Amino acid sequence: MASLLERRWTIAVIYASSEGVSRFNEFVATLGAIPAATLAARLAELEEAGLLRREVVQTRPPHSEYHLTERGAELAPLIRALAMFSR
């Protein structure tokens, strides 16, 4: 898991999710400069690692939402502390 957390944008995606961001376009709007392909890769990697869960919402049109799992939520306080430290 450490190698995943070292990858660019991973911590930012977890932080955004912990702040309530859940949809792909919300991540793009919140994170700004992240390339769409990179965001898609990070979301898939975090889901595979068990830190995010993907939920398909059956609306018109259907969309996906990403939420922290219990394991991912355990990282949130640490990442918030890092964000406060970096200010």
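Some values worked out for this structure:
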| item | result |
| --- | --- |
| Identity of the residue in the range 29-71, touching a residue at least 40 places away in the same chain (Cβ under 8 Å) and more than 21 Å from ARG8 (Cβ to Cβ), that ends up nearest to the chain's Cα centre (by Cα) | HIS67 |
| Number of the condition not met by ARG60 [criteria: (1) basic (Lys, Arg); (2) within 23 Å of MET84 (Cα to Cα); (3) assigned to a loop (DSSP other than H, G, I, E, B)] | (2) |
| Test: residue in the range 53-61 that is of a type in the set (Lys, Arg), over 18 Å from LEU4 (Cβ atoms) and touching a helix residue (DSSP H, G or I) at 6+ places or on another chain (Cβ under 9 Å) | no |
| Single residue of the range 17-57 satisfying the filter (among the charged types (D, E, K, R) and assigned to a strand (DSSP E or B)) that is surrounded by the most Cβ atoms within 10 Å (Cβ to Cβ) | ARG53 |
| Qualifying positions in the range 1-50 - within 18 Å of ALA81 (Cα to Cα) and of a type in the set (Val, Ile, Thr) | THR10, ILE11, VAL13, ILE14 |
| Meets criteria (crowded, with 18+ Cβ neighbours inside 10 Å and modelled with pLDDT of 90 or more) for GLY72 | yes |
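The values are calculated or read from the model by the stated rules, or taken from the named source; none is laboratory data. Bear in mind that the values here come from a model prediction, so they are computed numbers and not experimental data. All Cβ positions, even for glycine, are placed from backbone atoms using ideal geometry, and neighbour counts span all protein chains on display.
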